[in-house]
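Taking it in order: structure first as structure tokens, then the write-up.
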Amino acid sequence: MAKRKASVSIRECVACGCCIKVCPRNAITVPHGIHAVIDRELCIGCGKCAKECPASIISLEVTEE
């Protein structure tokens, strides 16, 4: 069954933390303040982080899981 998962463009992420605030599953962290990292096991693909990202660098990808 196909599912959506969030993906962040780490080269463009400025670690602002906006995505962390809206994630209902706490699936996003910013280790060492460098860039956001999404735990794909926790991500439910709701898209809230992608909508909140001011740089529009988070996208939803379809995965086969």
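Bear in mind these aren't lab numbers, they're just calculated from the coordinates by the rules spelled out. This one's a predicted model, so the numbers in the text were calculated from it and none came from an experiment. Counting neighbours? That spans all protein chains shown, and the Cβs are built from the backbone with ideal geometry, glycine included.
Dipole size in debye (nearest 20) for the range 2-64 around its Cα centre, Lys and Arg Cβ +1, Asp and Glu Cβ -1?
Here the range 2-64 has a charge dipole of around 160 debye.
Note down the Stokes-Einstein diffusion coefficient of the chain in µm²/s, whole number, using a Kirkwood radius over alpha carbon pairs, 10 °C, and 1.306 mPa s. Show your work: numbers first, answer last.
Details: Rh = 11.6 Å.
This corresponds to a translational diffusion coefficient of 137 µm²/s.
Might you list the cysteines of the chain that have no disulfide-compatible partner by the rule of another cysteine's Cβ under 4.7 Å?
Within the chain, the cysteines lacking a partner Cβ under 4.7 Å are Cys13, Cys16, Cys18, Cys23, Cys43, Cys46, Cys53.
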